[in-house]
């Protein structure tokens, strides 16, 4: 066998081996695009509405739906009508689902999700949160703990506008908060409520 024939045989064998490996790949599980240190802003009429940052974004495309994964965390910053930073959302992982057919646009955040309303000085902690940008609402059915200057609440399930201005705890339990009236502060136990007790 000549050197040329040996080279051709080697190339054919190598290509055949690579093709068999390629046949094993599941293209549905491979991103069509990967972006490191992703950063984008959303504005409306020249006003900054939202800023999003992530260490990594993976874009996936399918026949009926496309989605973006954020496997290394997601940080979202929402701004008020006056342009002030109002709301932040931090999560260990996130996903953004888009559907051209139904025009759905839903974000999901997972793992140590912390939502802060900076203006109201309120914080919510949960494991999973959903945000529908079409109806401008965030919600979860998971355990939630909420903190504010007046105290803390906990329970299961939460519904709110997308800026976390008016969060409602769906099934609260064992909550403590402080009612301030003039210079008198009282602690209210919502589980064993008999009446306000003077704070010691």
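The values are calculated or read from the model by the stated rules, or taken from the named source; none is laboratory data. Just so you know, these numbers come straight off a predicted model, no measurement behind them. Neighbour counts are summed over all protein chains in view; Cβ atoms, including those assigned to glycine, are modelled from backbone coordinates with ideal geometry.
Is it true that some residue in segment 81-93 is modelled with pLDDT of 95 or more and either touching a helix residue (DSSP H, G or I) at 6+ places or on another chain (Cβ under 8 Å) or more than 25 Å from residue 148 (Cα to Cα) (or both)?
The answer is yes, given that some residue of segment 81-93 is modelled with pLDDT of 95 or more and either touching a helix residue (DSSP H, G or I) at 6+ places or on another chain (Cβ under 8 Å) or more than 25 Å from residue 148 (Cα to Cα) (or both).
Answer yes or no: is there a residue in segment 102-119 that is under 15 Å from residue 163 (Cβ atoms) and in a loop (DSSP other than H, G, I, E, B).
The answer is yes; a qualifying residue exists.
Kindly indicate which of 97, 63 is assigned to a loop (DSSP other than H, G, I, E, B) and either out of contact with any strand residue (DSSP E or B) (no Cβ under 7 Å at 6 or more places or on another chain) or within 17 Å of residue 162 (Cβ to Cβ) (or both). Steps first, answer last, please.
On the way: 97 fails: assigned to a loop (DSSP other than H, G, I, E, B).
Sole residue among the options that is assigned to a loop (DSSP other than H, G, I, E, B) and either out of contact with any strand residue (DSSP E or B) (no Cβ under 7 Å at 6 or more places or on another chain) or within 17 Å of residue 162 (Cβ to Cβ) (or both): 63.
Just to verify a result, which residue in segment 129-162, among those that are within 13 Å of the chain's Cα centre (by Cα) and part of a loop (DSSP other than H, G, I, E, B), is surrounded by the most Cβ atoms within 10 Å (Cβ to Cβ)?
162
Looking only at residues that are more than 24 Å from residue 34 (Cβ to Cβ) and in contact with a strand residue (DSSP E or B) (Cβ under 6 Å, 6 or more places away or on another chain) in segment 100-115, which one is surrounded by the fewest Cβ atoms within 10 Å (Cβ to Cβ)?
114
Within segment 71-78, is even one residue more than 21 Å from residue 153 (Cα to Cα), out of contact with any strand residue (DSSP E or B) (no Cβ under 9 Å at 6 or more places or on another chain) and not in a strand (DSSP E or B)?
Let us first name the residues in segment 71-78 that are more than 21 Å from residue 153 (Cα to Cα), namely 71-78.
In the following step, the residues that additionally are out of contact with any strand residue (DSSP E or B) (no Cβ under 9 Å at 6 or more places or on another chain) were identified as none.
Taking every residue of segment 71-78 in turn, none turns out to be more than 21 Å from residue 153 (Cα to Cα), out of contact with any strand residue (DSSP E or B) (no Cβ under 9 Å at 6 or more places or on another chain) and not in a strand (DSSP E or B).
Please specify each residue of segment 163-200 satisfying the condition of being modelled with pLDDT of 65 or more and assigned to a loop (DSSP other than H, G, I, E, B).
Result: 163, 164, 165, 166, 167, 173, 174, 175.
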